Structures are given as structure tokens and as C-alpha cells.
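Visitor: Sharing a structure with you now.
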Amino acid sequence: MVIKAPCAMKIAFGENPKTAYNEKHQLPTTRMATAALLREQLYKAKEYMEALQEYEADKEENDKPEFDMKLDALIPIIKRELVVKAHAHRTDDIFTAIRIAKEFNLDMTLDHCTEGWLVADILKESGYNVIVGPILTDRSKIELKNQTMKAPGILSKAGIDVAIMTDHPCVPIQHLMLSASLAAREGMEPEKALRAVTINAARCIKLDNRLGSLEVGKDADMVLYTGNPLDYSSKVKMTFINGQLVYENQEG
């Protein structure tokens with residue numbers, strides 16, 4: 001079931017774009033090129049948007065700019081109508097994402113944010129939403145050398161409303177609660193761990209008006225457990241979507 005479409009636009013920093021485009025023998029093949037190309041396209045999108053606005057304001061005096069599908073797709077993030085999800089692991093990539101987001105006034109979330117715990121005070125000051133994860137993976141690439149299950153707790157204690165993800169299908173979404181449990185085991189306050197997979201996550205995609213907490217007027221989407229949701233031995237007893245029972249564990 002799709003709740004919000006479009007939901008966000010992804011941008012990536014670090015090794016992923018380098019690897020993907022290096023195999024195609026085209027830019028970007030360096031971190032510097034990734035940032036430069038992104039800034040170039042955002043500047044072009046801003047100019048394209050302004051040209052469209054000038055045309056709409058006075059169609060007799062201004063020519064309509066030729067339609068550009070790529071630049072047109074970027075207009076919603078320039079206008080802050082769409083969240084930008086920035087894939088970044090290393091601190092330098094995190095800083096690059098923050099710098100560009102501030103330059104263009106983007107509504108951004110920092111996704112993965114693997115080394116964010118090393119610069120928690122700077123992330124707090126930046127004000128951007130942080131989504132940590134997956135924490136159930138090995139250090140499969142050099143960017144993950146400082147990965148730790150303590151990261152959500154460290155960021156939370158720094159005053160950041162952290163969200164936790166599994167990066168499905170890299171780690172199946174079924175392990176989301178387990179990820180929250182491990183974060184709590186490694187120092188995150190249990191209530192903050194629950195918020196990381198509920199209301200904090202909903203805020204990251206601007207759906208906290210409908211999802212993420214039990215409040216009057218919100219969607220009645222609920223899960224009842226046989227015990228503490230962060231206890232691995234607890235089982236799902238009932239699941240409700242829009243107030244309707246859609247699953248019941250008959251085994252107890």
C-alpha cells in the first residue's frame with residue numbers, strides 16, 4: 001500500500017556513485033565530481049524554475065523555456081515540496097550533504113549517517129533529520145569501518161531525534177524491531193528506541209500528521225505485542241490498519 005507518492009528524492013555521496021559511474025567510464029568518479037555535478041544540476045534547476053515563473057507571470061514578454069525532464073524533476077526539491085534523502089556514510093560525505101543542503105535550502109534527511117556519531121554535536125547544530133542504519137550488517141566496504149550499534153544511542157543523547165532503518169532489502173524490514181532492540185541494548189533509552197521506528201521515522205517523510213503515534217485524528221495503525229516490543233521473545237498478537245484487524249496470532 002502506497003501512503004504518499006512521491007515521497008522523497010534520493011541523492012548519494014561517497015563510494016556508491018563513484019563505483020556505479022566508474023564502471024560506465026563517465027562522471028562522477030570522485031567525491032569532488034559528485035558534489036560538483038549535483039550543485040551544477042541544482043543551479044540549472046533553479047534557473048529553469050525561475051524562467052518558468054517569469055513566463056507564467058508575463059507570457060507576452062517572456063519565452064517559455066524548452067521542457068527539460070531532468071530539471072523539471074528537481075523543482076519540487078528546490079521548492080522544498082519534496083524531501084531529499086542523502087545517502088552518506090563518512091563524515092566528509094555527511095558534511096558535503098549538509099553544505100549543499102544549506103546552499104540550496106533543501107529539506108533533507110541524512111540517511112545511513114554511519115559516522116554521524118563521531119560528529120554528533122555538528123549534526124545536532126545542523127538541524128537535519130538523521131536516519132541510522134542498517135546496523136545489522138557487516139563492514140562490507142571501507143565506508144563502514146566505524147559502524148557501531150551504539151550510534152543511535154550516542155546521537156539520541158546528543159539531542160537528535162534519530163530514526164532507525166534497515167535499508168530494506170539490504171536487511172529485511174522484518175528486522176526493524178530487532179534493530180531498535182539492539183540499539184537499546186547498546187545504550188539507547190528504550191522509549192527513544194521505540195520513537196526511532198515510529199514517530200521520528202514518520203517525521204522524516206512528513207507523515208507524522210497521520211502516522212507514528214497513537215493520537216486522535218491519526219490513522220489507527222497499531223501493533224499489539226505479547227510483551228515489551230523491544231524484547232526479542234515478544235510476539236505480535238494483533239495488527240490493525242485503519243482501525244481494522246488485519247492479523248491475529250491465534251497461537252498466543
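Visitor: Is region 89-110 home to any residue that is of a type in the set (Ser, Thr, Tyr), in contact (Cβ under 8 Å) with a residue 60 or more places away in the chain, surrounded by 13 or more Cβ atoms within 10 Å (Cβ to Cβ) and within 25 Å of residue 209 (Cα to Cα)?
Guide: Checked against the condition, which is being of a type in the set (Ser, Thr, Tyr), in contact (Cβ under 8 Å) with a residue 60 or more places away in the chain, surrounded by 13 or more Cβ atoms within 10 Å (Cβ to Cβ) and within 25 Å of residue 209 (Cα to Cα), region 89-110 yields at least one hit.
Visitor: Another one. Scan region 176-230 residue by residue and report those that are under 15 Å from residue 240 (Cα atoms), touching a Gly at 6+ places or on another chain (Cβ under 9 Å) and of a type in the set (Asp, Glu).
Guide: 219, 221
Visitor: So, one more: Any idea which residue in region 212-252 is surrounded by the fewest Cβ atoms within 10 Å (Cβ to Cβ), counting only those that are outside any loop (DSSP other than H, G, I, E, B) and among the polar types (S, T, N, Q)?
Guide: If we take residues in region 212-252 being outside any loop (DSSP other than H, G, I, E, B) and among the polar types (S, T, N, Q), then 244 is surrounded by the fewest Cβ atoms within 10 Å (Cβ to Cβ).
Visitor: Under 8 Å by Cβ, and 6 or more places apart or on different chains, what pairs join a residue from region 14-32 that is surrounded by 13 or more Cβ atoms within 10 Å (Cβ to Cβ) with one that is of a type in the set (S, T, N, Q) and modelled with pLDDT under 90?
Guide: Taking only residues 6 or more apart or on different chains, the pairs are 29/22.
Visitor: Ok, one more. Condition test on residue 209, is it surrounded by fewer than 19 Cβ atoms within 10 Å (Cβ to Cβ), within 22 Å of residue 5 (Cβ to Cβ) and not charged (D, E, K, R)?
Guide: yes
Visitor: Any chance you could count how many residues in region 165-212 are out of contact with any Leu (no Cβ under 7 Å at 6 or more places or on another chain), under 20 Å from residue 117 (Cβ atoms) and among the β-branched types (Val, Ile, Thr)?
Guide: Summing the residues that are out of contact with any Leu (no Cβ under 7 Å at 6 or more places or on another chain), under 20 Å from residue 117 (Cβ atoms) and among the β-branched types (Val, Ile, Thr) in region 165-212 gives 0.
Visitor: Going by the structure shown, is residue 40 modelled with pLDDT of 90 or more and assigned to a helix (DSSP H, G or I)?
Guide: Judged against the criteria, residue 40 is a match.
Visitor: Please verify whether residue 80 is out of contact with any strand residue (DSSP E or B) (no Cβ under 9 Å at 6 or more places or on another chain), loosely packed, with under 14 Cβ neighbours inside 10 Å and more than 20 Å from residue 164 (Cβ to Cβ), treating the condition exactly as stated.
Guide: Spelling it out, residue 80 is indeed out of contact with any strand residue (DSSP E or B) (no Cβ under 9 Å at 6 or more places or on another chain), loosely packed, with under 14 Cβ neighbours inside 10 Å and more than 20 Å from residue 164 (Cβ to Cβ).
Visitor: While we're looking at this one, here's another question. I'd like to know if region 85-106 contains one or more residues that are in contact with a Lys or Arg (Cβ under 6 Å, 6 or more places away or on another chain) and basic (Lys, Arg).
Guide: yes
Visitor: Here is a follow-up. Within 26 Å of residue 92 (Cα to Cα) and either acidic (Asp, Glu) or not assigned by TED's automatic domain parsing to the domain that holds residue 144 (or both): does that describe residue 23?
Guide: For residue 23, the condition - within 26 Å of residue 92 (Cα to Cα) and either acidic (Asp, Glu) or not assigned by TED's automatic domain parsing to the domain that holds residue 144 (or both) - is met.
Visitor: Kindly check whether there is at least one residue in region 136-150 that is within 21 Å of residue 108 (Cβ to Cβ) and under 22 Å from the mean Cα position of the chain (by Cα).
Guide: For region 136-150, residues within 21 Å of residue 108 (Cβ to Cβ) and under 22 Å from the mean Cα position of the chain (by Cα): present.
Visitor: Right, another one. For region 52-62, name all the residues that are surrounded by fewer than 16 Cβ atoms within 10 Å (Cβ to Cβ) and either not aromatic (Phe, Trp, Tyr) or not assigned by TED's automatic domain parsing to the domain that holds residue 104 (or both).
Guide: 53, 54, 56, 57, 58, 59, 60, 61, 62 - these are the residues of region 52-62 that are surrounded by fewer than 16 Cβ atoms within 10 Å (Cβ to Cβ) and either not aromatic (Phe, Trp, Tyr) or not assigned by TED's automatic domain parsing to the domain that holds residue 104 (or both).
The values are calculated or read from the model by the stated rules, or taken from the named source; none is laboratory data. Every value quoted in this text rests on a predicted model; they were computed, and no experiment measured them. Note that each Cβ is placed from the backbone with ideal geometry, even for glycine, and that neighbours are counted across all protein chains shown.
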